[in-house]
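See below for the structure under consideration.
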Amino acid sequence: MLVGLAFFGILVGFSSGFFGIGGGTILVPALIYFGYDIKMAIGISVMQMIFSSMFGSYHNHKAGSLALKSGLILGLGSFIGAAFSGMIVDAMPHLALLILFAVILLLSIYKMFTASLEPQLCPNESTFLLLFIGVFVGAISISTGTGGAIFLTPALVGFLGWDIKKAVGTTLFFVIFGSISGFISLSAHGYVDYAVGAAIGLGSVIGVYFGVKLSHRIDKKMQKRALLILYTVMFILTFNKILSEMNIL
């Protein structure tokens, strides 16, 4: 079982590197369909993110696609916000977490679809704004097991005028902080299966290397299309799960 999950981790890691996400966007719905409770799936996902985000960010930094200063500010905010994830997961019922995940996914799809591929001449890198965004995204995203990049990339590209390549690289770096903080919080509340998280995490280290390499080579238009496809598939899977939980399907 753990060997199979490690191989699945390679796919998750590849997605993390290519899309600049923590991997939870794929991993949480997948674990739910494998029979895990959403709260335990979130804990496993957050643990896996530590592996993929650190290794992927190292390669993004080497390639010059990481805005380190802005990433540190966003990361600090994420670390603060993610510290509340255990309490949020405790307080919110299973169905409410699924609905929250679906709603934010839908907003991300809209913002990414309408975002221009051409970055602004002077993209917004306000320290206060980036810190606020980091806190908000960190609290919400870690509580849904996604790491935040799937929400942060559309915000940086669509609202702040960032280049999509730099946004993807920086959001993966952002995931490091939230995943560590969220892991501590979720562990304290008993929502982490360490063996499963480690198996998927080790597999993701292999996959993230190849994902980052492809991300640097593909053109911006194709990368945007790939992100939209990913978001849409995850929304459909999550929406289907919501209908199932409500006994509509």
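The values are calculated or read from the model by the stated rules, or taken from the named source; none is laboratory data. Here the structure is a predicted model, which means the values were calculated and not measured. Note that each Cβ is placed from the backbone with ideal geometry, even for glycine, and that neighbours are counted across all protein chains shown. Please note that ligands, DNA and RNA were not included when accessible areas were found on the heavy atoms of the full protein model with its side chains. Shrake-Rupley method; radii C 1.70, N 1.55, O 1.52, S 1.80 Å.
List of remarks:
- Of all residues in region 181-206, those satisfying the criterion of being aliphatic (A, V, I, L, M) and open to solvent by 50 Å² or more (accessible area, probe 1.4 Å) are Ile184, Ala188, Ala195, Leu202, Ile206.
- Enumeration of residues in region 192-225 that are of a type in the set (Gly, Ala, Ser) and at pLDDT below 85: Ser215
- Unmet criterion (only one of (1) surrounded by 22 or more Cβ atoms within 10 Å (Cβ to Cβ); (2) out of contact with any Leu (no Cβ under 8 Å at 6 or more places or on another chain); (3) of a type in the set (Phe, Trp, Tyr)) for Phe51: (2)
- Count - residues of region 213-240 that are open to solvent by less than 40 Å² (accessible area, probe 1.4 Å), of a type outside the set (Ser, Thr, Tyr) and touching a Leu at 6+ places or on another chain (Cβ under 8 Å): 2
- Residue count, region 211-225 (criterion: assigned to a helix (DSSP H, G or I) and closer than 23 Å to Tyr58 by Cα): 10
- Looking across region 30-41 at every residue that is modelled with pLDDT under 85 and not in a loop (DSSP other than H, G, I, E, B), the one that is most open to solvent (accessible area, probe 1.4 Å) is identified as Tyr33.
- Within region 134-157, residues that are open to solvent by 10 Å² or more (accessible area, probe 1.4 Å) reach partners that are in a loop (DSSP other than H, G, I, E, B) and modelled with pLDDT of 75 or more with beta carbons closer than 7 Å, at six or more positions or on different chains, in the pairs Ala139/Phe84.
- Scan of region 143-168 for residues that are under 16 Å from Ser57 (Cβ atoms) and under 12 Å from the mean Cα position of the chain (by Cα), ordered by number: Gly147, Gly148, Ala149, Leu152, Thr153, Val168
- Pick from region 6-29, criterion open to solvent by 10 Å² or more (accessible area, probe 1.4 Å) and of a type in the set (A, V, I, L, M), ranking: modelled with the lowest pLDDT: Ile26
- Conditions (1) of a type in the set (Val, Ile, Thr); (2) in a helix (DSSP H, G or I); (3) under 19 Å from the mean Cα position of the chain (by Cα): number failed by Ile242: (3)
- Which numbered condition Gly64 fails, given (1) at positive phi; (2) touching a residue at least 24 places away in the same chain (Cβ under 8 Å): (2)
- Among the residues of region 154-167, none qualifies, meaning not one is farther than 23 Å from Gly64 by Cα and touching a Leu at 6+ places or on another chain (Cβ under 8 Å).
- When residues in region 1-29 are screened for being more than 14 Å from the chain's Cα centre (by Cα) and part of a helix (DSSP H, G or I), 10 of them pass.
- Among residues of region 67-83, those that are hydrophobic (A, V, I, L, M, F, W, C) and under 13 Å from Phe128 (Cα atoms), counted: 4
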